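For reference, the structure is listed below as structure tokens.
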């Protein structure tokens with residue numbers, strides 16, 4: 001999708017996006033200005049303008065006489081082009097759009113959904129000014145360090161009860177993506193938080209809209225925020241004790257790879273529907289089974305022990321009086337150390 005951007009017309013913006021796709025597919029490889037111009041069917045001047053525009057957005061593009069231009073392998077900036085190169089064929093229908101900043105990717109995508117956006121539309125932002133978590137909480141979303149992403153789904157065969165499971169599906173996909181890209185283990189704090197080494201690195205917020213005519217599902221937005229790197233100034237005091245990051249040092253294309261890996265894993269589960277057994281994978285990554293927890297509800301807090309996660313990804317708990325309950329939603333707290 002070619003969008004007119006500040007300082008560039010539509011045609012020049014299209015040249016920039018095509019150039020970025022070429023660079024992303026060939027990181028570390030030099031191309032002469034003449035070769036780029038020929039490949040993109042544009043003038044050398046258009047190439048020069050596109051290179052400068054990308055540099056203005058933070059891309060590290062080396063220029064060497066008699067060799068040409070090269071996108072540095074140390075570059076780690078979210079882009080639709082960078083994400084697409086990692087997507088599997090099953091994700092070909094996805095349409096990612098990357099914004100420098102958004103109020104909230106979930107809010108923005110719900111607006112697009114209401115205007116008729118198709119299933120598979122994905123909005124990612126480099127930062128959020130009003131990132132949202134569950135129960136109205138804010139989600140810290142600083143620039144350059146995280147992945148803030150929302151995916152639009154329009155499932156035809158899902159009941160409202162089945163739609164709830166998309167959150168657990170996303171949690172498994174997030175763990176698998178993190179493990180694939182970082183090589184480190186990720187775990188799930190029921191129901192939607194992802195932890196590494198007892199630190200929260202990701203949160204998931206799934207929101208649904210229903211048709212007024214038949215009360216059926218109209219669309220679902222699956223939102224996920226991932227702390228790729230710790231902020232340079234550190235996490236804010238109110239989350240510093242619990243927040244962590246997937247990577248501790250800058251990676252070659254870490255954010256694009258991680259975003260695409262999540263989409264690859266999630267879409268594989270979503271496409272399989274009820275035929276894909278992800279509940280056992282969810283259970284295997286549970287951070288709370290066997291631990292003492294507190295179940296939080298409007299009525300107050302109750303001490304309990306987390307016994308298991310059942311086949312529907314409900315949390316099975318035993319209270320102090322010996323009674324048991326299967327929780328399909330809600331909030332818990334657990335002492336990790």
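The values are calculated or read from the model by the stated rules, or taken from the named source; none is laboratory data. Being a predicted model, the structure only gives us computed values, none of them experimental. Cβ sites come from the backbone with ideal geometry, for glycine too, and all protein chains shown count toward neighbours.
Restricting attention to segment 271-307, and to residues there that are at positive phi and outside any loop (DSSP other than H, G, I, E, B), which single residue is modelled with the highest pLDDT?
So, considering only residues that are at positive phi and outside any loop (DSSP other than H, G, I, E, B), the one modelled with the highest pLDDT is 300.
Restricting to segment 117-138, give me the number of residues that are surrounded by fewer than 21 Cβ atoms within 10 Å (Cβ to Cβ) and at pLDDT below 95.
9
From the set of residues in segment 208-238 that are part of a loop (DSSP other than H, G, I, E, B) and under 20 Å from the mean Cα position of the chain (by Cα), which is surrounded by the most Cβ atoms within 10 Å (Cβ to Cβ)?
Filtering segment 208-238 for residues that are part of a loop (DSSP other than H, G, I, E, B) and under 20 Å from the mean Cα position of the chain (by Cα), the one surrounded by the most Cβ atoms within 10 Å (Cβ to Cβ) comes out as 228.
Restricting to segment 282-293, count the residues that are over 16 Å from residue 328 (Cβ atoms) and without any contact (Cβ under 8 Å) to a residue 40 or more places away in the chain.
3
Any chance segment 250-259 includes a residue that's under 20 Å from residue 200 (Cβ atoms) and outside the structural domain of residue 156 (by TED's automatic domain parsing)?
There is no residue in segment 250-259 that is under 20 Å from residue 200 (Cβ atoms) and outside the structural domain of residue 156 (by TED's automatic domain parsing).
Residue 96 passes all but one of (1) within 19 Å of residue 228 (Cβ to Cβ); (2) assigned to a loop (DSSP other than H, G, I, E, B); (3) modelled with pLDDT of 95 or more; which number fails?
Answer for residue 96: the failing condition is (2).
Check whether at least one residue in segment 273-283 is in contact with a strand residue (DSSP E or B) (Cβ under 9 Å, 6 or more places away or on another chain) and farther than 24 Å from residue 178 by Cβ, and report yes or no.
Looking for residues that are in contact with a strand residue (DSSP E or B) (Cβ under 9 Å, 6 or more places away or on another chain) and farther than 24 Å from residue 178 by Cβ, one finds none in segment 273-283, hence no.
Across segment 139-161, what is the total count of residues that are more than 19 Å from residue 236 (Cβ to Cβ), at pLDDT below 95 and in contact with a strand residue (DSSP E or B) (Cβ under 9 Å, 6 or more places away or on another chain)?
6
Does segment 239-270 hold any residues that are in a loop (DSSP other than H, G, I, E, B) and in contact with a helix residue (DSSP H, G or I) (Cβ under 9 Å, 6 or more places away or on another chain), and which are they?
246, 247, 251, 253 - these are the residues of segment 239-270 that are in a loop (DSSP other than H, G, I, E, B) and in contact with a helix residue (DSSP H, G or I) (Cβ under 9 Å, 6 or more places away or on another chain).
Any idea which of (1) in contact with a strand residue (DSSP E or B) (Cβ under 7 Å, 6 or more places away or on another chain); (2) surrounded by fewer than 20 Cβ atoms within 10 Å (Cβ to Cβ) is the one residue 205 doesn't satisfy?
Going through (1) in contact with a strand residue (DSSP E or B) (Cβ under 7 Å, 6 or more places away or on another chain); (2) surrounded by fewer than 20 Cβ atoms within 10 Å (Cβ to Cβ) one by one, residue 205 breaks only (2).
Take residue 179 and tell me if it is free of Cβ contacts under 8 Å to residues at least 60 places away in the same chain, surrounded by fewer than 19 Cβ atoms within 10 Å (Cβ to Cβ) and outside any loop (DSSP other than H, G, I, E, B).
Judged against the criteria, residue 179 is a match.
Give segment 48-82 a look and list any residue that's assigned to a strand (DSSP E or B) and surrounded by 12 or more Cβ atoms within 10 Å (Cβ to Cβ), or say none.
Passing the criteria: 61, 62, 63, 68, 69, 70, 71.
When you scan segment 314-327, do you find a residue that is over 21 Å from the mean Cα position of the chain (by Cα), assigned to a loop (DSSP other than H, G, I, E, B) and closer than 30 Å to residue 81 by Cα, even just one?
No, the conditions are met nowhere in segment 314-327.
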